[in-house]
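Data block below; observations after.
The values are calculated or read from the model by the stated rules, or taken from the named source; none is laboratory data. Quantities reported herein were computed from a predicted structural model and do not represent experimental measurements. Cβ: placed from backbone, ideal geometry, glycine included. Neighbour counts: every protein chain shown. The area values use the complete protein model at the heavy-atom level, side chains included, leaving out ligands, DNA and RNA. Shrake-Rupley method; radii C 1.70, N 1.55, O 1.52, S 1.80 Å.
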Amino acid sequence: MKIENGWLNIIQNWIYPPTCLLCGDDGQRRLDLCGACERQLPRTGTACLRCGEALPEGAPSPCGRCLRHPPPFDSCRAAFRYEEPIRHLIHGLKFGHRHACARTLGELAAAHFRTHAELPELIVPVPLHASRYRERGFNQSLEIARHLSRNLQVPLEFRALTRNRTTRPQAELSAEERRKNIRGAFRMERAVNVRHVAIFDDVVTTGATAGELARTLRAAGVERIDVWAVARA
């Protein structure tokens, strides 16, 4: 199977050579990014290992807020800061339906987590409510997670959890409003039967959505819950 996939990749790259999604130059390393644009990506620097929020260089981790009020997950890591041009790639997928962005973001995230995180037994993308899915036509976190899962060879589970009610867009709300808005929004549809899960989202801002998912997974018996994201706002 690996040999077949290797030939498929060679043929695909010959017919459709990778092209930089940001500047249009030739892509490198099978990525739809050129070397110059890849070097400009806003990679995550020093951050709290518990909530993922940026910290000054040399600052202790966990941060003071996490020591006072630990989040319901065990760690939060993001490959990039939510700044340009990562924001452009995420928006290109989410609002422009540019699915090539999903592959590129998934491969970039895989490269980061392969060296900066302990691999989980299962990756669980943040689910969309059925009405939002019909409106958009796809779940951007799931589309990125498909490539992340394939690259890391970690199973992907996107049917065990559902979003059981519609919620207001989190981007419109304050941190406290986000927590109230998302409370009780997820439901376990079937057991995952693993000890260690990584929740995956395209962007983490306050961690409210990931926190509510973590509570749902914890109640179902999952012992360790990490949060992974392409970007941290």
| query | Is it the case that Thr209 is of a type in the set (Ser, Thr, Tyr), outside any helix (DSSP H, G or I) and either touching a His at 6+ places or on another chain (Cβ under 9 Å) or within 27 Å of Cys101 (Cα to Cα) (or both)? | reply | no
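Could you grab me the full set of residues in segment 101-124 that are in a helix (DSSP H, G or I) and open to solvent by 40 Å² or more (accessible area, probe 1.4 Å)? Reasoning before the result, please.
In the first step, residues of segment 101-124 are kept if they are in a helix (DSSP H, G or I); the result is 101-116.
Hits for segment 101-124 are Arg103, Ala111, Arg114, Thr115, His116.
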| task | Kindly indicate whether Pro127 is under 13 Å from the mean Cα position of the chain (by Cα), in a loop (DSSP other than H, G, I, E, B) and either touching a residue at least 40 places away in the same chain (Cβ under 8 Å) or surrounded by 13 or more Cβ atoms within 10 Å (Cβ to Cβ) (or both). | result | yes
| note | Residue pairs qualifying under the 6 Å Cβ cut-off, at least six apart or on distinct chains, with the first in segment 67-92 being under 16 Å from Glu107 (Cβ atoms) and the second being among the small types (Gly, Ala, Ser), are Ala78/Gly52; Ala78/Ala229; Ala78/Ala231; Ala79/Ala109; Phe80/Ala231; Ile86/Ala231
| task | Would you mention how many residues in segment 29-75 are open to solvent by 70 Å² or more (accessible area, probe 1.4 Å) and either more than 18 Å from Arg179 (Cα to Cα) or in a strand (DSSP E or B) (or both)? | result | 12
| request: Determine whether segment 80-92 contains at least one residue that is more than 28 Å from Pro62 (Cα to Cα) and open to solvent by 80 Å² or more (accessible area, probe 1.4 Å). | output: yes
| request: Could you please let me know if Ala79 is of a type in the set (Gly, Ala, Ser), outside any loop (DSSP other than H, G, I, E, B), farther than 26 Å from Ile182 by Cβ and at pLDDT 95 or above? | output: no
| note | Flagged in segment 149-192 as open to solvent by less than 50 Å² (accessible area, probe 1.4 Å), of a type in the set (Lys, Arg) and outside any helix (DSSP H, G or I), in numbering order, are Arg163
| request: Quickly run through segment 162-194 and pick out the residues that are of a type in the set (Gly, Ala, Ser) and over 20 Å from Gly221 (Cα atoms). | output: Ala171, Ser174, Ala175
| message | Would you confirm, using the coordinates I've provided, whether Thr205 is farther than 21 Å from Phe113 by Cβ and surrounded by 15 or more Cβ atoms within 10 Å (Cβ to Cβ)? | response | no
| In this structure, is Ile144 touching a helix residue (DSSP H, G or I) at 6+ places or on another chain (Cβ under 6 Å), surrounded by 22 or more Cβ atoms within 10 Å (Cβ to Cβ), part of a helix (DSSP H, G or I) and at pLDDT 95 or above? | yes
| said: I need the full set of residues from segment 184-211 which are without any contact (Cβ under 8 Å) to a residue 60 or more places away in the chain and among the charged types (D, E, K, R), in order please. | reply: Arg187, Glu189, Arg190
